[in-house]
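S.K.: What follows is a single structure, and I will ask about it in a moment.
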Amino acid sequence: MNPLLRMQAAGVAVVLEFAVGEMPVWRYWGAALAHTPLMDAWPATDLLRMAPGTLDRLAGVPLLACWGNGEPGAPALRAHRAGLDAVQDLRATGFVQTNPHSLVLHLSDEVAAIAVDVSLQLCADSGVLSLHSLLRNTGTADLTVDHQACASVALPPVLQELGSYHGQWSHEFQWTRQPVPMAGWQRDNRTGRSGHEAPPAVFVLARDAGDHQGEAVAAQLAWSGNHRFALDRAEDGRLCLQAGEWLAPGEVVLAPGATLQTPTLHLGWSDAGMNGASARMQQFTRSQVLQWAGGSMRPRPVHLNTWEAVYFNHQADVLFDLARAAAAVGVERFVLDDGWFPARKDDRAGLGDWWPDPAKYPEGLGPLIAHVHSLGMEFGLWVEPEMVNPDSELFRAHPDWALQVAGRALVLGRNQLVLDVARPEVGQYLFDKLHALLTAHPIAYLKWDMNRTFAQAVGLDGRVAMRSQITAWYALLRRLRTAHPQLEIETCASGGGRADLGALRYTQRLWTSDNNDAVSRVTIQSGAARLFPLELMGSHVGPAPAHATGRSQSMDFRCAVACFGHMGVEADVRQLPDTDRATLARWIALYKSLRGVLHTGQFHQGRTEDGLVWWLVQAADRAVLGVFTAQPPNYTYQPPLRLPSLAGTGVWQLRLLASAGQARARGDALDPWGDALRQADGVRVAGGELARMGLPVPVMQPESALLYSFSRVPGSEG
Ligand code: DGJ
């Protein structure tokens, strides 16, 4: 019997079967098992049956599918030496397990002269499984790598549906669910960034899995560039998940002895539905990915972002007044968006020249920053360092610094080109310019934007330079944060175009979408919250009508939605009607009182047959619930809202803190239940009742919201 290599943490177990000279195979991944006599006694091959018309060998699902060993599934590695050594048959040479949570398996193929280490880590507190592989060229000639997945991941066989995202600018994180087709599924991203269209994440689901129940796996690749996700169904029917970078032809050539490490694939398994899988990933992100200044998150300050208030039209008196108006409603951080540097009267010029426009800021940024500070707010600044406008001093001085193909016309996107950030002199220039700004001024925060996809991304050596951009971007972020340890950075790419766990190692916020329409935001934030904790998701109260859609919602509704994230305001607060300004101030105060729960609790979401969407953030002794409608209800009876995660949580004091739109049962009719909920003490409810019978909610008109708070009654039993 071959040895079994086991990892177990946080209720999750992973078991691999290992033998020197064989490819390690998956035996199990799922709920922790107390006893495993079947696995202990029977090797995988004894449990398989040879199918007619196949090779005379049997194996389980390999850890790294190699086509050279007869594996029918998609190869996890494709590499060659000018067409030679392309048939790889990796076999195990050993493994290292230093603790119960981590495992490194050494594989090698002496004929093809390659070696691969596959690393697995099971996070002790979240149970998230993280995998990456490291390829080494052990030969004497260059090795061209066409594809390398983190690993091949055998999926629990009940998982036969796919939850994935699609979208575009202003319409990010749109969730789709479909059966995994007979032929499997694959999606490539070649845009140079993680993308509005296809963030590097999928869910694989049992047919009966829903938000709250059933088996589900959430998968996220910690990488901000091109990527490939595949649910590969081999001819024999086995379903395997693979993810890794999408490499352009010739992009990676390993010299003898050189290595290529994949990004890490993080996987959250759960039998508590999509919310359960998300919860594991969010816990993992909080404990393992984020790197807060000073080691821990401080309360997420309310932002005022100037973009939709003034766009490129920066005038000192307007900005000074805007800062005053923002501070008056409770804003804590004033972020000066695009438009502050030379020639930036629109998006046709200026990118690359990272110093203040002497026309708009004759005394530099100092006076505005001092004013913002005098109002008790932090100051943040927008930058887009990886880009250059041809109409800029930088481009005129260094036209060759932009990625381009010699002999071809430049391809512009939003009138800009991408700098070859991996070139040391370019990286140094960007560091120097940003370092100078951050040294000269107390700037707490950079909003780091990236507003075009890549085309003709070829470096000086004529090779495609896409992955090198991402590693250079990470290096630049690392360097800046080392030089300015208190600095916070937001990852933005025309909204949520670069939101991923790779970027979030170096950044502390993601700009979820340029769409501030609160109805759109319910869908966008529901999608994003499957992936990221709320404290990372920038969510702003925008103007009415919303600039992205032309639709208008009430200030209450806009605020209720924006509360569930890292709240901000992106509107000209000076111009708001007094009543709206008062409403905004009230909600900002409410957000401040709730953010301790919103940004540490466990997030659950659900939807009803009649189109209600609800978000519940649950901590040990407090919880916050938001209920939202976009469309008119189909029925006049609204059944009680079941909140399954409250089962067994004891007794709670429930209050209705705020509402938007219609929140009464029927016009002006008596509503004793609603009135009781609005009292300071609220109403006593048991978690079990809310989980099974449900929370009575009124029939809600479109664009209505209800915001409840729960405080646990001390000593109440689960
Ligand atoms: C795109 C971002 O998503 C917006 O929020 C804004 O910063 C603009 N770029 C500025 O050009």
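The values are calculated or read from the model by the stated rules, or taken from the named source; none is laboratory data. The structure presented is a predicted model; accordingly, all values stated were derived computationally and were not measured. Glycine gets a Cβ as well: all are built from the backbone with ideal geometry, and neighbour counts include every protein chain shown.
S.K.: What number of residues within region 232-263 satisfy the criterion of being surrounded by 22 or more Cβ atoms within 10 Å (Cβ to Cβ), in contact with a Ser or Thr (Cβ under 6 Å, 6 or more places away or on another chain) and not in a strand (DSSP E or B)?
M.R.: Within region 232-263, residues that are surrounded by 22 or more Cβ atoms within 10 Å (Cβ to Cβ), in contact with a Ser or Thr (Cβ under 6 Å, 6 or more places away or on another chain) and not in a strand (DSSP E or B) number 1.
S.K.: Give the residue, chosen from E609, E689, E703, E717, that is part of a loop (DSSP other than H, G, I, E, B), charged (D, E, K, R) and surrounded by 15 or more Cβ atoms within 10 Å (Cβ to Cβ). Step through it out loud before you land on a result.
M.R.: Numbers: E609 fails: surrounded by 15 or more Cβ atoms within 10 Å (Cβ to Cβ); E689 fails: part of a loop (DSSP other than H, G, I, E, B); E717 fails: surrounded by 15 or more Cβ atoms within 10 Å (Cβ to Cβ).
One residue alone meets the criteria, E703.
S.K.: Quick check on my filter: what residues within region 434-454 are in a helix (DSSP H, G or I), surrounded by fewer than 21 Cβ atoms within 10 Å (Cβ to Cβ) and touching a helix residue (DSSP H, G or I) at 6+ places or on another chain (Cβ under 9 Å)?
M.R.: At the first step, the residues of region 434-454 found to be in a helix (DSSP H, G or I) are 434-440.
Still in the running and surrounded by fewer than 21 Cβ atoms within 10 Å (Cβ to Cβ): 435-440.
Hits for region 434-454 are H435, L438, T439, A440.
S.K.: While we're here: Restricting region 570-606 to residues that are charged (D, E, K, R) and not in a helix (DSSP H, G or I), which is surrounded by the most Cβ atoms within 10 Å (Cβ to Cβ)? Write out each step before concluding.
M.R.: Quick first cut of region 570-606, residues charged (D, E, K, R) only: 570, 572, 574, 578, 580-581, 586, 592, 595.
From what's left, not in a helix (DSSP H, G or I): 570, 572.
Numbers: E570: 24, D572: 18.
So, considering only residues that are charged (D, E, K, R) and not in a helix (DSSP H, G or I), the one surrounded by the most Cβ atoms within 10 Å (Cβ to Cβ) is E570.
S.K.: With (1) over 13 Å from the mean Cα position of the chain (by Cα); (2) away from the ligand (no atom under 15 Å from the Cβ); (3) assigned to a loop (DSSP other than H, G, I, E, B) as the list, and A548 as the residue in question, which single condition is left unmet?
M.R.: (2)
S.K.: Name the single residue that is farthest from the chain's Cα centre (by Cα) among those in region 513-526 being within 16 Å of the ligand (Cβ to nearest atom) and of a type in the set (G, A, S).
M.R.: First pass over region 513-526, keeping only residues within 16 Å of the ligand (Cβ to nearest atom): 513-517, 520-521, 524-525.
Filter again for of a type in the set (G, A, S), leaving 513, 520.
Details: S513: 12, S520: 18 Å.
Filtering region 513-526 for residues that are within 16 Å of the ligand (Cβ to nearest atom) and of a type in the set (G, A, S), the one farthest from the chain's Cα centre (by Cα) comes out as S520.
S.K.: Right, next: Go through V61, V104, V87, V15 for me and flag whichever is within 29 Å of R136 (Cβ to Cβ), among the β-branched types (V, I, T) and in contact (Cβ under 8 Å) with a residue 40 or more places away in the chain. Steps first, please.
M.R.: On the way: V104 fails: in contact (Cβ under 8 Å) with a residue 40 or more places away in the chain; V87 fails: in contact (Cβ under 8 Å) with a residue 40 or more places away in the chain; V15 fails: in contact (Cβ under 8 Å) with a residue 40 or more places away in the chain.
The conditions single out V61.
S.K.: Same structure, new question: So which residues in region 264-276 are part of a strand (DSSP E or B) and under 15 Å from A201 (Cα atoms), if there are any at all?
M.R.: L265, H266, L267, G268, W269
S.K.: Considering only residues that are free of Cβ contacts under 8 Å to residues at least 24 places away in the same chain and under 30 Å from the mean Cα position of the chain (by Cα), look in region 295-340 and name the one that is farthest from the ligand (Cβ to nearest atom).
M.R.: Within region 295-340, the match that is farthest from the ligand (Cβ to nearest atom) is G295.
This table checks each residue for (1) hydrophobic (A, V, I, L, M, F, W, C); (2) assigned to a strand (DSSP E or B).
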position: G626; (1), (2): no, yes
position: T636; (1), (2): no, no
position: G648; (1), (2): no, no
position: D675; (1), (2): no, no
position: L707; (1), (2): yes, yes
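S.K.: Right, something else. Look through region 460-490, keep the residues that are charged (D, E, K, R) and closer than 30 Å to E308 by Cβ, and return whichever of them is farthest from the ligand (Cβ to nearest atom).
M.R.: Residues of region 460-490 charged (D, E, K, R): 461, 463, 467, 478-479, 481, 488, 490.
Now narrow it down to the ones that are closer than 30 Å to E308 by Cβ: 481, 488, 490.
On the way: R481: 21, E488: 16, E490: 10 Å.
Here the answer is R481.
S.K.: Being of a type in the set (A, V, I, L, M, F, W, C) and not in a loop (DSSP other than H, G, I, E, B) is the filter here; which residues of region 190-224 pass it?
M.R.: Taking region 190-224 and keeping what is of a type in the set (A, V, I, L, M, F, W, C), we get 198, 201-206, 209, 216-219, 221-223.
Scanning region 190-224 gives A201, V202, F203, V204, L205, A206, A216, V217, A218, A219, L221.
S.K.: Against the definition (crowded, with 23+ Cβ neighbours inside 10 Å and either within 28 Å of the chain's Cα centre (by Cα) or touching a residue at least 12 places away in the same chain (Cβ under 8 Å) (or both)), how does N137 come out, yes or no?
M.R.: Values: crowded, with 23+ Cβ neighbours inside 10 Å: yes; either within 28 Å of the chain's Cα centre (by Cα) or touching a residue at least 12 places away in the same chain (Cβ under 8 Å) (or both): yes.
It is true that N137 is crowded, with 23+ Cβ neighbours inside 10 Å and either within 28 Å of the chain's Cα centre (by Cα) or touching a residue at least 12 places away in the same chain (Cβ under 8 Å) (or both).
S.K.: Of everything in region 342-354, what is within 12 Å of the ligand (Cβ to nearest atom) and buried (at least 22 other Cβ atoms within 10 Å of the Cβ)? Give them in sequence order.
M.R.: Across region 342-354, the qualifying residues are G350, L351.
S.K.: Could you go through region 329-336 and let me know if any residue there is more than 30 Å from A562 (Cβ to Cβ), touching a His at 6+ places or on another chain (Cβ under 7 Å) and at pLDDT 95 or above. Spell out how you get there, then give the answer.
M.R.: Kept after step one, since they are more than 30 Å from A562 (Cβ to Cβ), are these residues of region 329-336: none.
No.
S.K.: Which members of region 552-599 meet the condition of being in contact with a Phe, Trp or Tyr (Cβ under 8 Å, 6 or more places away or on another chain) and of a type outside the set (A, V, I, L, M, F, W, C)?
M.R.: D556, E570
S.K.: So how many residues does region 162-180 have that are of a type outside the set (A, V, I, L, M) and crowded, with 19+ Cβ neighbours inside 10 Å? Give the derivation first.
M.R.: Keep residues of region 162-180 that are of a type outside the set (A, V, I, L, M), which gives 163-179.
Right, trim to crowded, with 19+ Cβ neighbours inside 10 Å and you get 163-165, 167, 170-173.
The qualifying residues number 8.
S.K.: In region 378-392, what residues are free of Cβ contacts under 8 Å to residues at least 40 places away in the same chain and either away from the ligand (no atom under 15 Å from the Cβ) or surrounded by fewer than 23 Cβ atoms within 10 Å (Cβ to Cβ) (or both)?
M.R.: So in region 378-392, the residues free of Cβ contacts under 8 Å to residues at least 40 places away in the same chain come out as 388, 390.
P390, the sole residue that qualifies.
S.K.: While we're here: Here is a check on your reading of the model: is A34 among the hydrophobic types (A, V, I, L, M, F, W, C) and over 24 Å from H132 (Cβ atoms)?
M.R.: yes
S.K.: For region 556-569, name all the residues that are touching a residue at least 60 places away in the same chain (Cβ under 8 Å) and either of a type in the set (A, V, I, L, M) or in a loop (DSSP other than H, G, I, E, B) (or both).
M.R.: Hits for region 556-569 are A560, V561, F564, M567, V569.
S.K.: I would also like to ask the following. Out of (1) part of a loop (DSSP other than H, G, I, E, B); (2) at pLDDT 90 or above, what's the single condition that is false for Q97?
M.R.: Q97 satisfies all of (1) part of a loop (DSSP other than H, G, I, E, B); (2) at pLDDT 90 or above except (1).
S.K.: G139 is checked against (1) more than 26 Å from R207 (Cβ to Cβ); (2) in a strand (DSSP E or B) and fails just one. What number does that condition carry?
M.R.: Condition not satisfied by G139: (2).
S.K.: I need the full set of residues from region 22-70 which are in a strand (DSSP E or B) and of a type in the set (D, E, K, R), in order please. Steps first, please.
M.R.: First, the residues of region 22-70 that are in a strand (DSSP E or B): 25-31, 61-62.
Of everything in region 22-70, just one residue is in a strand (DSSP E or B) and of a type in the set (D, E, K, R), namely R27.
S.K.: Which residue out of A529, A457, A493 is surrounded by 22 or more Cβ atoms within 10 Å (Cβ to Cβ), of a type in the set (A, V, I, L, M), within 13 Å of the ligand (Cβ to nearest atom) and touching a residue at least 12 places away in the same chain (Cβ under 8 Å)?
M.R.: Values: A529 fails: within 13 Å of the ligand (Cβ to nearest atom); A457 fails: within 13 Å of the ligand (Cβ to nearest atom).
Matching residue, one of A529, A457, A493: A493.
S.K.: (1) free of Cβ contacts under 8 Å to residues at least 40 places away in the same chain; (2) touching a strand residue (DSSP E or B) at 6+ places or on another chain (Cβ under 8 Å); (3) more than 16 Å from the ligand (Cβ to nearest atom): which one isn't true of L510, the others all being true?
M.R.: Among (1) free of Cβ contacts under 8 Å to residues at least 40 places away in the same chain; (2) touching a strand residue (DSSP E or B) at 6+ places or on another chain (Cβ under 8 Å); (3) more than 16 Å from the ligand (Cβ to nearest atom), L510 violates only (3).
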